Amino acid sequence: QGRAEGGRAMRRPRPRAKAGVTVSFLMFAAWHAEVAAQGSDAKSTVLQHNGSTGDIGVAPAMLTNGTPPRSIVLIANGKSAQGNKAVGRTIDRMDFVVRFNYFKIRGSAAAAALGSRTDLWFLSEMKRPAAREFDKTIHPRQYVIPVAIPARLGCSKKALKKCTVLPAERRAWNTRGRRLKNLYCGKLKLRPDSFRIVPLEVLETLRQKYGFFSMWPSTGLLGILYVLHSYPDAKVYLHGYDFTRAKKSDCPEEAVRRREGKASARTYICRSSALGHFWETHKKSGTVHNMFAEGEVIRRLSKDGKIAVLKATSPTS
């Protein structure tokens, strides 16, 4: 602190983050600090990993009658989400509607294209219920949070062993998941079954089956894999996923990062005209997500018949 005239304490302004220093860099640093704290020999109580419930022991949400949903639509926040006003009613007829991060419906001119329901709400680990952007009037069946484990350098198709989750990473993942559960259940007064951490199998499947080796998969991509993992018999539709429009040339920094052996998430790796949320007027300068690689995964899932783009005529049962 500095001193103003008369000896009164005066706070110095907090320094602004330099361009390219992202929230994901802070998450990256916090993650590695957590892993270091766990250590290879750390004693930690970790529940048995269970593919049906996840490590914090909560099952995926079901319909009111206890059966799994037969139709699910995931509404991403891309600008194309507001482009087709004919799909709003179709969205609300789906068994489950999935939305992401600080999405906006209330007061939006695009509400007719977005529907009104929210059954699963996926939030990045860095999104918090105390934030001004967090809409507490939304009451989903379940909040779902992916706890990020950044891909280590060397993780690739030729070195899948380097993509596996290490014991210290698993303990750190478990610790962070429990902290988030306590935070959400405390702030929002949730029942324990209203909050779920994305099981680690989802991340492992993304890397080992679908060849996604970028450091930070987006919440939207993890949401797709989570839904396919948790509800394997449901028809799954996508709406507003603009990452599929990105070109390989939009994401050159990913290859540079791997070639130079830099593991920092400090710099953006993609810059594309496909970036941006439908309610925003400013243009985002970049993202830490590999948009082209995510688009490749989505195209493969579509080709395999696991997902489809939402249309006004899409069947809902």
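Largest first, how would 99, 299, 117 line up by accessible area (1.4 Å probe)?
299, 117, 99
List the residues whose amide H sits under 5 Å from the amide H of residue 71, counting only those 5 or more places along or on another chain, with H placed 1.01 Å from N in the peptide plane.
95, 96, 235
Probe radius 1.4 Å, ligands and nucleic acids ignored: give me the carbon and sulfur share of the accessible area of segment 124-207 as a rounded percent.
Ligands and nucleic acids excluded, carbon and sulfur reach 54 percent.
So what's the net charge close to residue 67: Lys and Arg +1, Asp and Glu -1, counting the other residues with Cβ under 11 Å from its Cβ?
So the environment of residue 67 carries a net charge of -1.
With the crude spin-label approximation of a point 7 Å out along Cα→Cβ, what separation in nm comes out for residue 300 versus residue 126?
For the pair residue 300/residue 126, the computed spacing is 2.6 nm.
Accessible area, 1.4 Å probe, largest first: how do 137, 118, 64 sort?
I get 64, 137, 118, largest accessible area first.
Leaving ligands, DNA and RNA out of it, rank 304, 135 by accessible area with a 1.4 Å probe, largest first.
In descending accessible area the options line up as 304, 135.
³J(HN,Hα) across segment 212-222 via Karplus (A = 6.51, B = -1.76, C = 1.60, θ = phi - 60°), whole Hz, x for Gly/Pro?
Each residue's phi maps through the Karplus curve to give 9, 10, 5, 5, 10, x, 6, 4, x, 5, 4 Hz.
In segment 96-232, if every C-alpha pair distance is counted and binned at 5 Å from zero, what percent goes to each bin?
2, 9, 19, 20, 19, 14, 9, 5, 2, 0
Kindly work out what percent of the DSSP beta bridges joining two residues of segment 56-205 are antiparallel, to the nearest 5.
5
The values are calculated or read from the model by the stated rules, or taken from the named source; none is laboratory data. Computed from a predicted structure; not experimentally measured. Cβ: placed from backbone, ideal geometry, glycine included. Neighbour counts: every protein chain shown. When the accessible area is computed, the model is the full protein with side chains, heavy atoms only, and any ligands, DNA or RNA have been set aside. Shrake-Rupley method; radii C 1.70, N 1.55, O 1.52, S 1.80 Å.
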